[in-house]
1. Checking E42 against (1) modelled with pLDDT of 90 or more; (2) assigned to a loop (DSSP other than H, G, I, E, B); (3) acidic (D, E), only one condition comes out false. Which one?
2. Give the stretch 1-28 a look and list any residue that's aliphatic (A, V, I, L, M) and touching a Ser or Thr at 6+ places or on another chain (Cβ under 9 Å), or say none.
3. Out of curiosity, is E68 on the phi < 0 side of the Ramachandran plot and either open to solvent by less than 60 Å² (accessible area, probe 1.4 Å) or at pLDDT 70 or above (or both)?
4. For the stretch 14-53, enumerate the residues that are among the β-branched types (V, I, T) and either touching a helix residue (DSSP H, G or I) at 6+ places or on another chain (Cβ under 8 Å) or without any contact (Cβ under 8 Å) to a residue 12 or more places away in the chain (or both).
5. Would you tally the residues in the stretch 21-52 being under 10 Å from the mean Cα position of the chain (by Cα) and open to solvent by less than 80 Å² (accessible area, probe 1.4 Å)?
6. Do we find a residue being farther than 27 Å from E57 by Cα and not in a helix (DSSP H, G or I) anywhere in the stretch 16-24?
7. Filter the stretch 1-15 for residues that are assigned to a loop (DSSP other than H, G, I, E, B) and exposed (fewer than 14 other Cβ atoms within 10 Å of the Cβ) and give the result.
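The values are calculated or read from the model by the stated rules, or taken from the named source; none is laboratory data. This is a predicted model, so every value here is computed, not measured. Here the Cβ is made from the backbone with ideal geometry for all residues, glycine too, and neighbour counts use every protein chain on show. Side chains are part of the model used for accessible areas, which takes the heavy atoms of the whole protein and leaves out ligands, DNA and RNA. Shrake-Rupley method; radii C 1.70, N 1.55, O 1.52, S 1.80 Å.
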Amino acid sequence: MSKKFPLQPKFPERICWGCDKYCPAHDLQCGNGSGRCQHPCEILGEDWYKHGDWGIEASEDDPSQTVEPG
């Protein structure tokens, strides 16, 4: 079972979002030789989940909510 994905994490720069492990940025475990994967909010802005075809129904009242991937 995969972990829930946060829509707007408080400190996205501290985590790698490239897989379900969500490793600390200074201790990546996937071993693929790449750097840290950014959270979509770092690339597309805080309202990233409202645009595009993500299939996410987010509550305006709770932007910190998490969603099930898939």
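1. Of (1) modelled with pLDDT of 90 or more; (2) assigned to a loop (DSSP other than H, G, I, E, B); (3) acidic (D, E), only one is false for E42: (2).
2. Here is the first cut: in the stretch 1-28, the residues aliphatic (A, V, I, L, M) are 1, 7, 15, 25, 28.
The answer is L7, L28.
3. On the way: on the phi < 0 side of the Ramachandran plot: yes; either open to solvent by less than 60 Å² (accessible area, probe 1.4 Å) or at pLDDT 70 or above (or both): no.
No, not satisfied.
4. Step one: filter the stretch 14-53 for residues among the β-branched types (V, I, T), giving 15, 43.
Listed by number, the list holds a single entry, I43.
5. Residues of the stretch 21-52 under 10 Å from the mean Cα position of the chain (by Cα): 22, 37-42.
From what is left, the residues that are open to solvent by less than 80 Å² (accessible area, probe 1.4 Å) are 22, 37, 39-42.
Number satisfying all stated conditions: 6.
6. Going residue by residue through the stretch 16-24, those that are farther than 27 Å from E57 by Cα are 24.
Next, only the ones that are not in a helix (DSSP H, G or I) stay: 24.
Yes, because at least one residue in the stretch 16-24 is farther than 27 Å from E57 by Cα and not in a helix (DSSP H, G or I).
7. Residues of the stretch 1-15 assigned to a loop (DSSP other than H, G, I, E, B): 1-4, 7-11.
Within the stretch 1-15, M1, S2, K3, K4, K10, F11 meet the criteria.
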